[in-house]
Every structure is written in structure tokens, then in C-alpha cells.
Ligand code: NAD
Ligand code: IPM
Ligand code: MN
């Protein structure tokens with residue numbers, strides 16, 4: 001049987017640095033009974049430099065065909081002045097939209113070894129394991145009109161549009177409820193129905209979906225601003241949070257700091273299962289960006305990207321045992337005291353570079369055999 005295919009898009013800034021460490025892990029699995037056919041292409045600023053657009057049509061075709069896509073990060077100050085539609089982030093947004101990756105899973109877990117590394121007190125984050133389910137192909141990211149108009153009186157007007165249809169809210173809430181059943185069976189939905197019509201519809205559709213198909217799951221609602229406050233006041237009260245594209249973007253960066261660093265948070269972006277094959281299109285990427293402030297210095301934490309590959313093993317390749325093994329290897333290196341520079345806590349600063357962290361994870365995988 002042919003090997004499953006992985007398209008790797010390292011991107012810009014620290015993207016290629018963290019992806020080089022994931023390659024070591026992918027290669028290790030290849031040597032140990034889980035081979036992949038790996039292809040690589042450009043996305044983001046580097047694609048703009050090469051082709052004048054943030055992702056080429058050829059790369060999009062390869063992404064459509066791949067069993068899973070792994071992406072590093074895109075963007076950086078070098079491309080601040082490029083046309084808006086060709087900016088690096090547009091490549092990532094096109095991937096999400098064209099592959100219809102509407103369900104973005106952003107788990108925030110606090111590893112025991114990092115319980116003193118969060119900006120919150122140990123007792124608030126110890127054992128934390130929450131999952132943010134972010135709607136990814138709708139809302140204000142894609143709603144039309146989206147434009148800046150010259151009003152002709154020295155003023156301009158900028159418009160972004162938040163749009164949600166029933167089916168979009170239904171399918172993302174169904175994903176959240178299904179995942180909750182595999183966890184602590186609790187979902188908290190966040191919107192702002194007190195100011196937004198889309199928040200009102202969001203609330204009502206989540207309620208209806210719950211009543212019709214998921215009444216066994218505990219459902220609560222919070223206004224998203226209060227939700228952000230609760231996330232830093234008492235984060236362990238949550239199990240699964242389901243929210244829209246923009247709130248999910250912000251709340252997941254907040255959640256990152258509960259785990260010690262933005263460099264720890266992986267994500268999976270999934271499409272609907274194909275009715276014939278059951279296969280979901282999928283893209284896996286760290287929650288963090290291209291970190292221009294530390295790019296090229298060997299300081300980046302590769303764990304978010306490595307854990308994103310673990311999510312690929314679990315969600316795209318039916319390889320839960322391998323995903324567990326990889327997560328345990330990450331747990332082991334952290335328990336051994338290895339720290340990249342972003343992990344600031346007791347015991348001082350960085351002990352390892354990006355590539356030393358990747359090597360240690362591979363060594364821990366090897367030792368786990
Ligand atoms: P960022 O996530 O790149 O960085 C925020 C801070 O976190 C920086 O101080 C950075 O050094 C640190 N950081 C992030 N990841 C880290 C890691 N793995 N290891 C150690 N430290 C890490 O966010 P930003 O600075 O606001 O954005 C920079 C660029 O990245 C922008 O162009 C933005 O659009 C883009 N971006 C891309 C993605 C993506 O590709 N998925 C996500 C977020 C931001
Ligand atoms: C993320 C990023 C992206 C987003 C940007 C780079 C388009 O911040 O994946 O969290 O806003 O979704
Ligand atoms: Mn973000």
C-alpha cells in the first residue's frame with residue numbers, strides 16, 4: 001500500500017526552524033514503522049518572493065491532494081508593504097478556506113514540569129487540559145464587504161463584516177460536542193449576543209444543536225469578554241470552549257500563556273469527513289506565528305509544531321498510540337528540565353536551542369522503544 005502523504009509548508013521566520021525539528025520526528029517514525037511520503041512547498045512571504053503570491057496554485061493543488069498538511073508559520077516585517085491580497089497571511093487563509101477547514105482544535109494542556117512557568121499561579125494551571133474549538137472559515141475573517149473606502153473629505157471608512165449562517169454554527173458546535181464526549185463532556189459556548197446579531201444566532205443554534213443531538217453533554221454559555229476573564233481567573237473550570245473565528249483566535253493566545261508559552265500550543269484544522277471515504281482534509285500548525293523577534297537565532301521552541309504533528313498522527317492517520325508516544329517524549333524532555341528561551345520559570349533561562357530540543361525529543365522517542 002502507498003505511504004500516506006504529508007505536505008510540509010515551513011513558511012517564514014521561525015517556521016522553517018521549528019519544522020526542521022518536526023522533520024526529525026517524522027523521519028524517526030519513518031524508520032520505525034510509520035513511513036510518510038513527504039513533499040515540501042512554499043507558503044507566506046517566501047512564496048510571495050518566489051511567485052508574487054502567498055501560495056501558488058500548484059501548492060494549493062498539492063495541499064488538496066495531501067493526506068495532511070503541516071504548516072510552520074507565515075508573515076514578518078519584510079512583507080509589511082506588499083499588496084493586501086498577497087500578504088503572507090493570505091496564503092494561510094486561502095488554505096483554510098479552500099480546503100474548507102472549518103474546525104480548528106486548539107488544545108491547551110499544562111505539562112506538570114511547566115506548572116511554575118505560566119503567568120498564573122501553579123494551583124490555577126496544574127493539570128489544566130482544555131480544548132478551544134474555533135470556527136475557522138467564517139465570521140469576520142471572510143465576511144463581505146471587507147474594504148476601505150475613501151469618503152473624499154479626508155476621511156476613510158474601513159469595513160469588516162461578521163457573517164455566520166446556521167449550518168456553519170451547527171457543524172462547529174457538533175464538532176465541539178462530539179469531542180466533549182471523549183473528554184469531560186462539558187462545552188462552554190462563547191459569543192457576544194448582547195451586541196452582535198451573529199452572537200444571537202450563534203447562541204440559538206448551539207442551543208438547538210445541543211437539544212437535538214447532544215443533550216447528554218453539559219452546555220453553558222458565556223459572553224466572550226467574560227469568558228476571557230474566566231480563562232485567566234479559573235481556567236480549570238473549562239473543558240471544551242466553542243467560539244467564533246476571531247474570539248477563538250484571541251482566546252487561544254490567552255490560553256497559551258496558561259501552559260507556559262505560546263511556543264507550546266499545537267492546533268489541528270479539520271474539514272468535514274468525506275461521505276465516501278470518511279477522510280477529512282486537515283492542516284496542522286502551531287498556534288504561534290513567525291516570531292520575527294527571535295527568528296534565525298536558534299531560540300524558537302519547536303514543541304508546538306511537534307505536538308501539531310502528534311495531532312496529525314491522531315486525527316489524520318489513525319495512529320493514536322504513536323501520538324501518545326510522541327506526547328510522552330515531549331513530557332519526558334520537559335520533565336528532564338530542558339527549556340528553550342521562551343520557557344521562563346524556576347531554574348533560570350534557556351538550557352537548549354531549537355535543534356537541541358528536537359534532538360532530545362527524538363532521543364526520548366528512541367528510548368521509549
Ligand atoms: P508571534 O506568535 O509570531 O509571536 C508573539 C511572541 O511570542 C513573540 O515574542 C515571539 O518571540 C514569541 N513566540 C512565538 N512562538 C514562539 C516559539 N515557538 N518559541 C519561542 N517564542 C515564541 O506573533 P506576532 O509577533 O504577533 O506575529 C508575527 C507574525 O506572525 C505576523 O506576521 C503574524 O501575522 C504572523 N502570525 C502567523 C501565524 C501563523 O502562521 N499561523 C500565527 C500568528 C501570527
Ligand atoms: C492564527 C493566526 C492567524 C489568524 C493569522 C496569521 C491569519 O493568528 O492562526 O492564530 O488570525 O487566524
Ligand atoms: Mn492567532
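The values are calculated or read from the model by the stated rules, or taken from the named source; none is laboratory data. All of these numbers come straight from a predicted model, not from anything done at the bench. Cβ placement follows ideal geometry from the backbone for every residue including glycine, while neighbour counts extend to all protein chains displayed.
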Qualifying residues in the range 257-288 (those that are surrounded by fewer than 22 Cβ atoms within 10 Å (Cβ to Cβ) and closer than 23 Å to residue 327 by Cα) - the one farthest from ligand 1 (Cβ to nearest atom): 280
Is there a residue in the range 335-343 that is buried (at least 19 other Cβ atoms within 10 Å of the Cβ) and more than 15 Å from ligand 1 (Cβ to nearest atom)? no
Among 218, 237, which is within 19 Å of residue 254 (Cβ to Cβ) and either touching a strand residue (DSSP E or B) at 6+ places or on another chain (Cβ under 6 Å) or modelled with pLDDT of 95 or more (or both)? 237
Give 58, 50, 86, 90 a once-over and let me know the one that is at pLDDT 95 or above and surrounded by 18 or more Cβ atoms within 10 Å (Cβ to Cβ). 90
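Conditions (1) without any contact (Cβ under 8 Å) to a residue 40 or more places away in the chain; (2) within 18 Å of the chain's Cα centre (by Cα); (3) within 30 Å of residue 333 (Cβ to Cβ); (4) more than 16 Å from ligand 3 (Cβ to nearest atom), marked per residue:
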| site | (1), (2), (3), (4) |
| --- | --- |
| 86 | yes, no, no, yes |
| 105 | no, yes, yes, no |
| 108 | no, yes, yes, no |
| 112 | no, no, yes, yes |
| 115 | yes, no, yes, yes |
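When the range 72-89 is examined, which residues are found to be more than 20 Å from residue 19 (Cα to Cα) and in contact with a helix residue (DSSP H, G or I) (Cβ under 8 Å, 6 or more places away or on another chain)? Lay out the reasoning, then the answer.
Keep residues of the range 72-89 that are more than 20 Å from residue 19 (Cα to Cα), which gives 77-87.
Scanning the range 72-89 gives 78, 79, 82, 84, 86, 87.
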Return the residues of the range 272-282 that are assigned to a loop (DSSP other than H, G, I, E, B) and in contact (Cβ under 8 Å) with a residue 40 or more places away in the chain; say none if nothing qualifies. 272, 279, 281
Looking at 250, 264, 257, 229 in this structure, which one is within 15 Å of ligand 2 (Cβ to nearest atom) and free of Cβ contacts under 8 Å to residues at least 24 places away in the same chain? 250
Checked the range 236-256 for anything away from ligand 3 (no atom under 16 Å from the Cβ) and either surrounded by 21 or more Cβ atoms within 10 Å (Cβ to Cβ) or assigned to a strand (DSSP E or B) (or both); matches are 238, 240, 242
Which residues, counting only those in the range 84-118, are more than 21 Å from residue 316 (Cα to Cα), within 13 Å of ligand 1 (Cβ to nearest atom) and in a helix (DSSP H, G or I)? 84, 88, 89, 90, 91
Just to check your reading of the model, which residue among 331, 327, 285, 322 is closer than 23 Å to residue 34 by Cβ, within 21 Å of the chain's Cα centre (by Cα) and free of Cβ contacts under 8 Å to residues at least 40 places away in the same chain? 327
Failed item in (1) crowded, with 18+ Cβ neighbours inside 10 Å; (2) under 21 Å from residue 128 (Cα atoms); (3) more than 10 Å from ligand 1 (Cβ to nearest atom), with residue 322 passing the rest: (2)
Count of the range 12-45 residues which are in contact with a strand residue (DSSP E or B) (Cβ under 6 Å, 6 or more places away or on another chain), touching a residue at least 40 places away in the same chain (Cβ under 8 Å), outside any helix (DSSP H, G or I) and under 21 Å from residue 313 (Cα atoms): 0
Out of (1) more than 21 Å from residue 297 (Cα to Cα); (2) in contact (Cβ under 8 Å) with a residue 60 or more places away in the chain; (3) out of contact with any strand residue (DSSP E or B) (no Cβ under 8 Å at 6 or more places or on another chain), the one residue 82 does not meet is (2)
Residues (outside any loop (DSSP other than H, G, I, E, B) and within 8 Å of ligand 1 (Cβ to nearest atom)) located in the range 289-307: 303, 304, 305
Given the criteria away from ligand 3 (no atom under 16 Å from the Cβ), closer than 24 Å to residue 12 by Cβ and surrounded by fewer than 22 Cβ atoms within 10 Å (Cβ to Cβ), does residue 298 qualify? yes
